[in-house]
1. Pairs of lysine in the chain with Cα under 28 Å and at least 8 positions apart or on different chains: total?
2. Name the residues whose placed amide hydrogens come within less than 5 Å of the amide hydrogen of residue 212, ignoring near sequence neighbours (fewer than 5 apart) on the same chain.
3. Name the residue, out of 21, 230, 215, whose mean-square fluctuation peaks in a Gaussian network model built on the chain with Cα pairs under 10 Å.
4. Provide the packing ranking of 46-55, 134-143, i.e. peptides ordered by the mean count of other C-beta atoms within 10 Å per residue, highest first.
5. If each residue's Cβ is checked for other Cβ atoms within 10 Å, how do 24, 210, 33 rank with the fewest at the top?
6. What number, rounded to the nearest 500 deg cm²/dmol, is the helix-based mean residue ellipticity at 222 nm of the chain, given -39500 (n - 2.57) per DSSP H run of at least four residues and division by all its residues?
7. Amide H to amide H under 5 Å from residue 199: which residues, 5+ apart in sequence or cross-chain, H placed 1.01 Å off N in plane?
8. By counting other Cβ atoms within 10 Å of each Cβ, how are 333, 65, 244 ranked from fewest to most?
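Where a number appears in this text, it was derived from the coordinates with a stated rule and is not lab data. As the structure is a computational prediction, the values presented were derived from the model and not from experiment. Please note: Cβ atoms are built from the backbone with ideal geometry, for glycine as well, and neighbour counts cover all protein chains shown.
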Amino acid sequence: MSSDWDKERKHAVLLRMMIIRRFEECLVHLFEEEEFMAHYHLYIGQEATGVAVIEALGPDDKLATTHRNHGHVLARGADPKRALAEILCRETGLNGGYGGTLHLSDPDLGFLATSSIVGGCISLATGGGFALKNDGGNAVSVAFFGDGSLEEGISYESLNLAALWSLPVVYICENNNEGAVGSIGGGFPAAVSAVTDLTKIPATFGIPVETVDGRDVDAVFEAAARAVERCRQGNGPAFVHAVTERWEGSKPLWPELPMGDTDITMVWDESRHAGAFEDWYRSHDPIFLYARQLLADGDATESDISELDRQAIATITEARAWALESPPTPAATALDNIFVSDARV
Ligand SMILES: Cc1ncc(C[n+]2csc(CCOP(=O)(O)OP(=O)(O)O)c2C)c(N)n1
Ligand SMILES: [Mg+2]
């Protein structure tokens, strides 16, 4: 139960969310400074989901993620310096600079793969669950994916096999479609599924589904912990549908910081909650919501929260300098690690 967490754990959870936020704000600035030239996606507004799900996992559990992966990789404890270096295509990057933002992964922390092919991670995590079941033990495989993945045929095959074979797979559907502009409105393509209630999809296969508020650390953690426990008991897959409002900066095709960098004093200073983003500051920003909860419960003071934010900023400032100083991955090695040199049939 997250209500059993001590103050230190709650502060660590808030800090992890803040590190993800400051990492991605830094990334937008690096893009504006033309330090990298790739399409990229931000996890801002969804930090509570990734951090809380990963809190419910153990060290032997496996994960697969998507194009919107930064938050998952950092939540699992990846080094922000090496994650940033990866996105900047540097030799010191987590994946040697070959993966970039879309394939950022940390195999040492249990990431099976990061697939930017929408729906790809569902099948990869299902395969992971198959392997884990064959190995015995009680580790689980987790798929993080967006609502758009449920438009892909591979998702249906994967859910079917996981249900048929009772595989230990936890499916985390991050539904950020609420408020999405969609391609017709000049924004990123949003769901175009004929299914209006996505929870009916896993339910059709007999997979239990829980819908939770994806901005609520406690609600996500409790649902994820139940799903993980079901898998560990050998009772087959489970599905968590975590719903968030789409963050304004992820509505256009290219990420923006329409509210500027996060101002942590807005957690308690309501006089700042005005203008076009008032509703976001009050009701949607998951970092603000969790920080306010800690304040209300007496688990943190305003100065604790400012100090955690300072730590997050210092970590990312250091990561930025380190990544920028790292040597670029040589273009001539682009095809290394792709072809097997001594192919035997
Ligand atoms: C198979 C496939 N089709 C299209 C794309 C282009 N694409 C990248 S992200 C995206 C939208 C995915 O929506 P969702 O899964 O809900 O994730 P979100 O970006 O909303 O977090 C699309 C269509 C892709 N990467 N893969
Ligand atoms: Mg989506």
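1. For the chain, qualifying lysine pairs total 10.
2. Amide H to amide H, under 5 Å and 5 or more residues apart or across chains, residue 212 pairs with 241, 242, 243.
3. With Cα springs under 10 Å in the chain, the top fluctuation among 21, 230, 215 is at 230.
4. 46-55, 134-143
5. Placing the least packed residue first, the sequence is 33, 210, 24.
6. That comes out to -12500 deg cm²/dmol.
7. none
8. 333, 244, 65
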